[in-house]
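Report on the following structure.
Read the figures in this text as sums done on the coordinates, not as results from a lab. As the structure is a prediction and not an experimental result, all values here were calculated from the model. Positions of Cβ are backbone-derived with ideal geometry, glycine not excepted, and every protein chain shown enters the neighbour counts.
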């Protein structure tokens, strides 16, 4: 323990490098927050100052809320992300548990399909999926925003892994002997045991969905239905006169939910990221 | 019961397992079919059908509205003659070279540093490393756009204060790709560090103890133990990193708008432009197929290199 406490040159170098990395990670956020109180001439200047000249008045935020339906955009993102999260978690549990604990004819095919969908990137079907949703009349709707990511091969895979590791067969068998139906076993025994994993999956899904960009960009043209990512892109449209302070204010508002979720649950989220990275590869 | 993996009872006659018919197994598991039915429908409608129609569209000329007209492999022929296709494919490859090796190396070194016994609050550092990765790419691109503005952006202001010339980050055909690389390094290195760290923690401590007894220093230990032990994880990171890069579009779309003169338009973005700006859907579908082929090729190449190295 003594050796750990003592400051050797190696340790100083190591910790200094890691703190530098922390600084580099955080600096753009600090710039973003300070910038949301600044005017263009303070942001784009050869003699920059750290603090905003006119103090920390919320005028950029007030201006933004007055001139742009940013709160509506936030609400859209919230609705879409929550719906996606609930759906992904629910269906991942159903399918992941089925694959982990039942030996049903067709299981092999289901596994192959899930691994294949994990590997074929979404981008490859961007065009045909757009055509499909247009023909179904689902563009510019919440359903159209949620549906493509309502079930996730990643989530199924993750739940299957956890179910294999954490649900003892005896537990299920005991419940079955007492005459519990399969759905009841799932609801009152499996789901509670799996809840840490399900919460991790839900948190990760929420963040991914909140940050989603490409599909909302093409699925929605009505600015009332913009998610916050798409609103940001429009606000920063370089073909218009951009008020950077106002754009940064919108950026700050848009990252608050993610920062809150990550601040509260960063340990669970990092666990899910590692678990989901494909231990079987 | 013999077929569910849950608590198989002893078979009636030892040595001769009674195999229930497929039909019996299906009947016993009928609730499972009900549970996976929504997924199956989802797969057919949202995954399989569009994937197949993508291949079909690639054989037609179509603006998305009027009648489709059959061109056979015409779109693919057009791709071969399309200077912009070659240019954007080249951009994607240059970006890969700029980003993937450096990001992989940085991730491995950072992970090894965090994994060091000298660092106590590992969770603290990994949390901050993950932060950029969990931030929306649009937000990151907007912040970088302001930071990297040629006239008066903070980065150039700092360079000038230190006596260097400003760099035309977003306004030059050479630097636009570098700017995209900087953004991608900042955003995703932490994610890969986390994957590397998870891999490092799987390496048995005894291997390191043996090296310490042999008197190996930290650099030597890193090169002769960590790197070989981590080969599979590194390979995984390279493949995922490559796939991320090839799929990426939002960064270029917001940071540089692909410019100047298509210098920072990756192939994926070129496909997007054809589909949603030129409404050349058949051609865009053909580009998607090529893009998919490229991804398979790049992953395959990585695995092949790994096998060579392993021999």
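Summary table below
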read-out: Shielding by other protein chains, B:48-60, mean Cβ within 10 Å; value: 4
read-out: Acute angle (nearest 10 degrees) that the helix A:244-276 long axis makes with the longest principal axis of chain A, alpha-carbon atoms; value: 30
read-out: The protein assembly as shown: radius of gyration and largest Cα-Cα distance (Dmax), Å; value: 26.1, 88
read-out: Protection proxy ranking, peptides B:92-105, B:188-201, A:139-152, average beta carbon neighbours within 10 Å, highest first; value: B:188-201, A:139-152, B:92-105
read-out: Value of relative contact order over chain B, rounded to a whole percent, pairs C-alpha under 8 Å and six or more apart; value: 26
read-out: Estimated 222 nm signal from helices in chain B, with DSSP H stretches of n ≥ 4 weighted -39500 (n - 2.57), rounded to 500; value: -20500 deg cm²/dmol
read-out: Most fluctuating residue given options A:14, A:58, A:78, as computed from a GNM of chain A linking Cα atoms under 10 Å; value: A:14
read-out: Packing rank of B:228-241, B:60-73, A:243-256, B:135-148, where each peptide gets the mean count of other beta carbons within 10 Å, highest leading; value: B:135-148, A:243-256, B:228-241, B:60-73
read-out: Whole-number percent relative contact order across chain A, with pairs defined as alpha carbons under 8 Å at least 6 apart; value: 31
read-out: Between helix A:191-211 and chain A: long-axis angle, C-alpha atoms, 0 to 90°, nearest 10; value: 30
read-out: Angle in degrees between helix A:9-35 and the longest Cα principal axis of chain A, rounded to the nearest 10; value: 70
read-out: Packing-based order for A:122-134, B:36-48, using average beta carbon neighbours within 10 Å, highest first; value: A:122-134, B:36-48
read-out: Peptide-level mean, for B:241-250, of C-beta atoms on other protein chains within 10 Å; value: 2
read-out: Volume in Å³ per residue [convex hull over Cα atoms, computed for the stretch A:2-57]; value: 120
read-out: Gyration tensor verdict on chain A (Cα atoms; rounded if a/c is under 1.5, prolate if a/b is larger than b/c, oblate otherwise); value: oblate
read-out: Shape of the stretch B:77-310, Cα gyration tensor, a/c cut at 1.5; value: oblate
read-out: The stretch A:155-241, relative contact order in percent, only Cα pairs under 8 angstrom and at least six apart counted; value: 25
read-out: Shielding by partners - mean other protein chain Cβ count within 10 Å, residues of B:210-223; value: 0
